[in-house]
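Have a look at the structure below before the remarks.
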Amino acid sequence: MASQFSRARLADLLIDPREDLGLEIKNWLDLAQDNDAKATFAKAALALANHGGGFILLGLEEAGGSAVEAPGRPATLDGYDQDGINGIIQNYADPPFHCAVHIVPDPAGALFPIIVVPGGHRSPIRSRRAGPNGQIVVQNSIYIRKPGPRSEVPGSAQDWDDLLGRCLANRRDELFDQIRGLITGAVPQAAAPVQPERLDAWIERSLARWETLRDALPEDDPARCPHGYHWFAYELGGDLRKLQGAAFAEAIRKAVVRHSGWPPFWYPARRGIAPYAYDNVVECWLGGDTEQPGSHDAAHSDFWRISPDGFAFLLRGLQEDGLEGRAGRDPPPPGTLLDISLPIWRTGEVLMQARSLAAALVEGPATISFKLHYKGLAGRELTSVSGHQLLFEGHVARQDAITMATVVEALAIDANLPEILHPLLEPLYALFDFFQLPAALVVNQTAEMRGTRL
């Protein structure tokens, strides 16, 4: 069984699921008896592992541009057990790797298997055997994810360069993690921006825009984030490329970095929540879904906007306010908890997205002037929702809001993300009765986040 918080992250994948390079959708494959189905699953898992990790959703099929439940649901989901799934991986993958299997409800309550394929491999994963009659999987082949999306062997020098580059980057990250185990690193801030008020003015305009949209919702709509929210904002510094219109929108879409089921600055395609042009920026308002009004809780009612001038803003409700109850217990009341790990994940994901967008919009070196803000903290208790982190109870915040800021070089984010996150987030955790954020927790959670790349 997945941890409570893992289930929340995985359940995000079943909200408007769409295939992409890190997400494979398959129908009800008979992985217990059908050897062709086993080979089909293995091929997808091998490609995702070489891509950097991802998810396989079973029991769905594409229909009309979206995913719906596939026909032929089995009487039970016992055939999708972890031992059976990893037995297939052991038979096909060299070197083998371990997949986690979770049974997760979609928004309507129907259960679906989700297989988490790990990334972070230091060498390419190859197929150790062929599929039935030499079909589907070819022995001693390496599979990668390609646009479409498709799982295929590398067909160009660029394909091989991307694959080997990921493996080398994983070796580099492993080396940095080993070094962090010996010393405490520090990343000096980049030079402060000459006009810091520009970012403050952008934040003020963005908040005013969100409040205008929020105020048009019914009083009881959870997208109003009545119990609290956090926002992230940044300005890219450097030689900005002049992208406009469709080219700018495409750069934003490609900059999405998926390390969880609900990535920051998600660029949906479904009409009703798709991004649009407004006041010379690209804007997206999931809480104002015109096709399914009132269907989004606070944590999935993102409001974001990105300007061609290098500014970005994202506001989201707190996921802790929509948790399920454990073992038959009632869910915790909204506004009462803050998970110890989630600020690390969310802030890290936004910084990774900022680095990705900087690569697309800035010619040469780039700086990122970054701010984040939490509101609705007063009365919340710091906790580990999953129970995986040892934490003494009783750390409660009395202050309701806090803003934190840093300025970093974009190129420093990949190698030094834990060293950036730790001093940035320490003031947030200190509000909870002077709780000291362990550096080891930041390192571990950052490694976990980057190891589940989609």
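The values are calculated or read from the model by the stated rules, or taken from the named source; none is laboratory data. All of these numbers come straight from a predicted model, not from anything done at the bench. Methodologically, a virtual Cβ is constructed for each residue, glycine included, from the backbone with ideal geometry; neighbour enumeration extends over all protein chains shown.
Scanning region 407-454 for residues that are in contact with a Phe, Trp or Tyr (Cβ under 6 Å, 6 or more places away or on another chain) and in a loop (DSSP other than H, G, I, E, B) returns Phe435, Leu437.
The set of residues in region 122-159 being in contact with a strand residue (DSSP E or B) (Cβ under 9 Å, 6 or more places away or on another chain) and either among the β-branched types (Val, Ile, Thr) or part of a strand (DSSP E or B) (or both) consists of Ile125, Arg126, Ser127, Val137, Val138, Ile142, Ile144, Arg145, Lys146, Ser151, Glu152, Val153. Among residues of region 307-323 that are farther than 13 Å from Arg380 by Cβ, those with a beta-carbon under 7 Å from a residue that is among the hydroxyl-bearing types (Ser, Thr, Tyr) at least six positions away or on a different chain give the pairs Ala312/Tyr234; Phe313/Ser206; Leu315/Tyr229; Arg316/Tyr229; Gly317/Tyr229; Gly317/Ser301. Checked against the criterion of being farther than 15 Å from Leu236 by Cα, in the same structural domain as Glu419 (by TED's automatic domain parsing) and of a type in the set (D, E, K, R), the candidates Asp330, Asp309 yield just one match: Asp330.
It is to be established whether one or more residues within region 229-242 are at positive phi and either modelled with pLDDT of 90 or more or not acidic (Asp, Glu) (or both). Yes, that holds for at least one residue.
Among residues of region 115-128 that are touching a residue at least 60 places away in the same chain (Cβ under 8 Å) and surrounded by 19 or more Cβ atoms within 10 Å (Cβ to Cβ), those with a beta-carbon under 6 Å from a residue that is among the aromatic types (Phe, Trp, Tyr) and not in a strand (DSSP E or B) at least six positions away or on a different chain give the pairs Ser127/Tyr92. Restricting the search to strands (runs of 3 or more DSSP E) fully inside region 187-302 and requiring at least 2 residues that are surrounded by 13 or more Cβ atoms within 10 Å (Cβ to Cβ) and touching a Ser or Thr at 6+ places or on another chain (Cβ under 6 Å) gives 229-240. Being in contact with a Gly (Cβ under 9 Å, 6 or more places away or on another chain), in a loop (DSSP other than H, G, I, E, B) and not hydrophobic (A, V, I, L, M, F, W, C) holds for only one residue in Gly79, Gly119, Gly109, and it is Gly119.
Within the span defined as region 383-393, one or more residues are surrounded by fewer than 23 Cβ atoms within 10 Å (Cβ to Cβ), in contact with a helix residue (DSSP H, G or I) (Cβ under 9 Å, 6 or more places away or on another chain) and assigned to a strand (DSSP E or B). Give region 87-113 a look and list any residue that's under 15 Å from Phe41 (Cβ atoms) and of a type in the set (Gly, Ala, Ser), or say none. Within region 87-113, Gly87, Ala93, Ala100 meet the criteria. Out of Thr403, Thr383, Thr347, one residue alone is within 30 Å of Leu23 (Cα to Cα) and in the same structural domain as Pro333 (by TED's automatic domain parsing). It is Thr347.
The residues of region 27-68 that are closer than 13 Å to Phe112 by Cα and modelled with pLDDT of 90 or more, listed by number, are Asn27, Trp28, Leu29, Phe55, Ile56, Leu57, Leu58, Gly59, Leu60. One residue stands out in region 147-159 among those that are without any contact (Cβ under 8 Å) to a residue 40 or more places away in the chain and within 25 Å of the chain's Cα centre (by Cα): the one that is surrounded by the most Cβ atoms within 10 Å (Cβ to Cβ), namely Asp159. Do you know which residues across region 73-89 are exposed (fewer than 13 other Cβ atoms within 10 Å of the Cβ) and not hydrophobic (A, V, I, L, M, F, W, C)? Pro74, Thr76, Asp78, Asp83, listed by residue number. All told, Ala366 falls short of being assigned to a helix (DSSP H, G or I), more than 15 Å from His230 (Cα to Cα) and assigned by TED's automatic domain parsing to the domain that holds Asp433.
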